[in-house]
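Beneath this line is the structure, given in structure tokens, with notes to follow.
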């Protein structure tokens, strides 16, 4: 099953590469397609997060009222969720759906297997190419300029082998990765403590970005930018609706 998912994902990337001639742009187009397919779920996620923030003052009142009776607190909290038609887990589904794709893409774009197959693994597939064809296939470019010389390499590997300047684009991608984790939480209505927790998590995730293939970071940053735009549009719609 897992091999089939990776193979299907790689075949999709191959098809898009045939259109763009660039694996980086193939990843971006695939990400856009996946994000568009998840729009209904993303809207529900944002709505759930918005509603959870809106009812936080009431939840705090319940916590203060029943601080010495955990069973009663749980009962009243669930009752309050039900009366207000709020699902506390409604924001988790899009994230859960993205994780298998993220993990599969990590293996498709990275050399994470002892026996990677050219049928689902990009580094193994590129190993079948030679010369100028290989060099061109590894690059991610824009307007004729090479941004990332090799999307299968990790920022750590480029930095270790070549130093700071050659790795600058990869380092920038890691920073964008961290920001893409922090910004959606920072821009949501909520308490300062929750936003600080989001910042700490983003900083911790920088290490994961440092050891991830550049193509995976490209996927996550692109997905987060689209998700952030969708989030802000949805939040403004709900805020305007409440103001009417």
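Quick notes on this one:
- Pick from segment 27-62, criterion more than 30 Å from the chain's Cα centre (by Cα) and in contact (Cβ under 8 Å) with a residue 12 or more places away in the chain, ranking: surrounded by the most Cβ atoms within 10 Å (Cβ to Cβ): 62
- Candidate set from segment 133-143 (those that are within 21 Å of residue 122 (Cβ to Cβ) and under 26 Å from the mean Cα position of the chain (by Cα)); member that is surrounded by the fewest Cβ atoms within 10 Å (Cβ to Cβ): 142
- The condition of being loosely packed, with under 12 Cβ neighbours inside 10 Å, within 30 Å of residue 137 (Cα to Cα) and free of Cβ contacts under 8 Å to residues at least 40 places away in the same chain holds for residue 4.
- Test: residue in segment 82-90 that is more than 20 Å from the chain's Cα centre (by Cα), on the phi > 0 side of the Ramachandran plot and not in a helix (DSSP H, G or I): yes
- Unique match (being surrounded by fewer than 18 Cβ atoms within 10 Å (Cβ to Cβ) and either touching a strand residue (DSSP E or B) at 6+ places or on another chain (Cβ under 7 Å) or at pLDDT below 80 (or both)) among 129, 96, 103: 96
- Of everything listed in (1) more than 21 Å from residue 9 (Cα to Cα); (2) at pLDDT below 85; (3) surrounded by 11 or more Cβ atoms within 10 Å (Cβ to Cβ), the single unmet condition for residue 146 is (2).
The values are calculated or read from the model by the stated rules, or taken from the named source; none is laboratory data. Bear in mind the structure is a predicted one, so any value in this text is a computation, not a measurement. We place every Cβ from the backbone using ideal geometry, glycine too, and count neighbours over all the protein chains shown.
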